[in-house]
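Report on the following structure.
The values are calculated or read from the model by the stated rules, or taken from the named source; none is laboratory data. Being a predicted model, the structure only gives us computed values, none of them experimental. Glycine gets a Cβ as well: all are built from the backbone with ideal geometry, and neighbour counts include every protein chain shown. For accessibility, only protein heavy atoms count, side chains too; no ligands or nucleic acids. Shrake-Rupley method; radii C 1.70, N 1.55, O 1.52, S 1.80 Å.
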Amino acid sequence: MSASDQTKAANQMWGGRFAEGPDAIMQAINASIGFDKRLYAQDIAGSRAHAAMLAAQGILTDSDAQVIREGLLTVLSEIKAGTFPFRVELEDIHLNVESRLTEIVGEAGKRLHTGRSRNDQVAVDFRLWVREQCDAAISGLTALMQAFLVQAEQGADWVMPGFTHLQTAQPVTWGHHMMAYVEMFARDRSRFQDARVRMNECPLGAAALAGTSFPIDRHMTAGALGFDRPTANSLDSVSDRDFALEFLSAASICAMHLSRFAEELVIWSSAQFRFVRLSDKWTTGSSIMPQKKNPDAAELLRAKLGRILGATVALFTIMKGLALTYSKDMQEDKEQVFDAADNLMLGLAAMTGMVSDMAANRESLAVAAASGFSTATDLADWLVRRLNLPFREAHHVTGALVAMAEQAGIDLPDLTLDQMRSVHPGITDEVFSVLGVENSVNSRTSYGGTAPVRVREQIARWKAALA
């Protein structure tokens, strides 16, 4: 197409207000077709619903509506086949689809835009797309939770160290640690579910900002597109992007949880820990160090949080200073959300693969669980229960015994009874029954505790819920 033809095409879409075509730089900054063409399916679905409604209301003839709806399916097939002629001079997906439709069906195509604006058109397209991403995230999180459940069930009674400050704190079970992430990702899933409910209102029919004088039926188009209801205020309908912000916020929290477990995988797979082994599927080697097996997938996944969180901040920054209603700034909303959604789904799929594939080293976990005076709290609790010491005094006695063991280069269970009695004469040999890590974890039977019986209860609850 020649420059004059491009100008003519652009002016046909804009009408008679502009005599000259856009400057090349203005065209480059104004056009969004390079990225918003991802909304083609949503745009065509919205247009088909709009055409059917216009005919039902007598605003379009049935024959024009039928031609338009069939023509839109032709456009859809061209895009899917990769033969659709996307044109930058037509700016966005909406004008590209409408222009091609008119080329295919003729005069009827020009009637499609009756009773709507690109403002409500993009709002419905984007909302449909984000709604689909919520569904995809919910599905991806369900699969990830199931992968953690398999790991938890396998190691429900495997002891490992629990950490605070990355220092050994108390013994826990592998199953309990895995179930912590099931709970985290369950909350993430519920956030996407909640967001989906709130965003499931249809802005189509709000037109430019004030509604339309045509007798449209917004409930009909809302129902046809799977929305619960139409949006209630036309100003809000075209200027709202909080549905995208809520999706990004949920995605950022979810990515943070993914990043936390990725960090654990990096630590656990190191030679210093050897808690887990990642297969060759999720690791790489070094160009000069043949012994290396680097957890690159976990590291890259950990970094994805930066992109998703960055997208969230970017969209908040775009929206924070915009008076009602639509401003062109809002064209910059989509690339942020597209990138965040792509990276979230990639992260969920990768983490599900790593969790499913990783092999926990039960022996290393058990050795680590028994080190670092991990049963000190059990000792303090025993002093409270058996000797009726105030907890603060029991804490002090236990601290003195830990210092004694540390100075001798041994762990608490290796102290003799005489050594213990030198700190407190009331200690009996019964104390050794609480110093083993197995006894420790089995004793933590409070609801939500690490005892294997409690872990298996939670596994059963979540397996039933996800089934």
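So which residues in region 410-459 are of a type in the set (A, V, I, L, M) and open to solvent by 60 Å² or more (accessible area, probe 1.4 Å), if there are any at all?
Across region 410-459, the qualifying residue is only Val453.
For region 359-380, enumerate the residues that are more than 19 Å from Gln151 (Cα to Cα), open to solvent by 40 Å² or more (accessible area, probe 1.4 Å) and not in a loop (DSSP other than H, G, I, E, B).
Matches in region 359-380: Val367, Thr377.
Taking the options Met145, Met184, name whichever one is open to solvent by less than 10 Å² (accessible area, probe 1.4 Å), part of a helix (DSSP H, G or I) and more than 30 Å from Arg48 (Cβ to Cβ).
Met145 is the lone residue from the list that is open to solvent by less than 10 Å² (accessible area, probe 1.4 Å), part of a helix (DSSP H, G or I) and more than 30 Å from Arg48 (Cβ to Cβ).
Could you figure out which of (1) over 17 Å from Arg116 (Cα atoms); (2) surrounded by fewer than 19 Cβ atoms within 10 Å (Cβ to Cβ) isn't true of Asn233?
(1)
Please enumerate the residues belonging to region 220-252 that are among the hydroxyl-bearing types (Ser, Thr, Tyr), touching a strand residue (DSSP E or B) at 6+ places or on another chain (Cβ under 9 Å) and touching a residue at least 40 places away in the same chain (Cβ under 8 Å).
Thr221, Ser237
Just give me the residues in region 20-51 being outside any helix (DSSP H, G or I), under 30 Å from Arg131 (Cβ atoms) and of a type outside the set (A, V, I, L, M), in sequence order.
Within region 20-51, just Ser32 meets the criteria.
Which residue out of Leu315, Leu346 is within 21 Å of Pro203 (Cα to Cα) and either touching a Cys at 6+ places or on another chain (Cβ under 8 Å) or not β-branched (Val, Ile, Thr) (or both)?
None of the other options fit; the residue is Leu315.
Does at least one position in region 155-178 carry a residue that is closer than 29 Å to Ala360 by Cα, under 23 Å from the mean Cα position of the chain (by Cα), free of Cβ contacts under 8 Å to residues at least 12 places away in the same chain and not in a loop (DSSP other than H, G, I, E, B)?
Within region 155-178, none of the residues are closer than 29 Å to Ala360 by Cα, under 23 Å from the mean Cα position of the chain (by Cα), free of Cβ contacts under 8 Å to residues at least 12 places away in the same chain and not in a loop (DSSP other than H, G, I, E, B).
So that you can scan it fast, the table gives a plain yes or no per residue for (1) at pLDDT below 95; (2) open to solvent by 20 Å² or more (accessible area, probe 1.4 Å); (3) of a type in the set (A, V, I, L, M, F, W, C):
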| residue | (1), (2), (3) |
| --- | --- |
| Gly82 | no, yes, no |
| Leu101 | no, no, yes |
| Ile104 | no, yes, yes |
| Gly115 | no, no, no |
| Val122 | no, no, yes |
| Asp125 | no, no, no |
| Cys134 | no, no, yes |
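Residue check: is Arg191 within 16 Å of the chain's Cα centre (by Cα), within 26 Å of Leu258 (Cβ to Cβ) and open to solvent by 50 Å² or more (accessible area, probe 1.4 Å)?
yes
(1) buried (at least 23 other Cβ atoms within 10 Å of the Cβ); (2) under 17 Å from Met145 (Cα atoms); (3) touching a helix residue (DSSP H, G or I) at 6+ places or on another chain (Cβ under 6 Å); (4) of a type outside the set (Lys, Arg): which one isn't true of His257, the others all being true?
(1)
Would you mind stating whether Met351 is assigned by the TED database to the domain that holds Trp174, in a helix (DSSP H, G or I) and surrounded by 19 or more Cβ atoms within 10 Å (Cβ to Cβ)?
Answer is yes for this residue.
Quick one: what pairs do we get from region 291-317, first residue more than 25 Å from Val276 (Cβ to Cβ) and open to solvent by 30 Å² or more (accessible area, probe 1.4 Å), second part of a helix (DSSP H, G or I) and of a type in the set (Gly, Ala, Ser), C-beta under 6 Å, 6+ apart or different chains?
Going by the 6 Å Cβ cut-off, the qualifying pairs are Leu309/Ser252.
Please verify whether region 319-327 includes one or more residues that are part of a helix (DSSP H, G or I) and open to solvent by 40 Å² or more (accessible area, probe 1.4 Å).
No.
Take Arg127 and tell me if it is within 24 Å of Ser249 (Cα to Cα) and touching a strand residue (DSSP E or B) at 6+ places or on another chain (Cβ under 8 Å).
So Arg127 fits the description; yes.
Considering (1) at pLDDT 90 or above; (2) part of a helix (DSSP H, G or I), say which one Thr450 fails and leave the rest.
Result: Thr450 passes all but (2).
For Leu248, are the conditions met, namely being assigned by the TED database to the domain that holds Ala137 and open to solvent by less than 40 Å² (accessible area, probe 1.4 Å)?
When the stated conditions are applied, Leu248 passes them.
State yes or no: is Thr416 over 26 Å from Arg362 (Cα atoms) and either outside the structural domain of Pro161 (by the TED database) or under 45 Å from the mean Cα position of the chain (by Cα) (or both)?
yes
Condition (residue is within 30 Å of Cys134 (Cβ to Cβ), open to solvent by 40 Å² or more (accessible area, probe 1.4 Å), in the same structural domain as Gly140 (by the TED database) and more than 21 Å from the chain's Cα centre (by Cα)) applied to region 267-288: is it met by at least one residue?
yes
Could you say whether any residue in region 62-70 is outside the structural domain of Glu332 (by the TED database), open to solvent by less than 60 Å² (accessible area, probe 1.4 Å) and more than 18 Å from Arg111 (Cβ to Cβ)?
No: region 62-70 contains no residue that is outside the structural domain of Glu332 (by the TED database), open to solvent by less than 60 Å² (accessible area, probe 1.4 Å) and more than 18 Å from Arg111 (Cβ to Cβ).
Does Ala394 count as farther than 30 Å from Pro295 by Cβ and surrounded by 18 or more Cβ atoms within 10 Å (Cβ to Cβ)?
Answer is yes for this residue.
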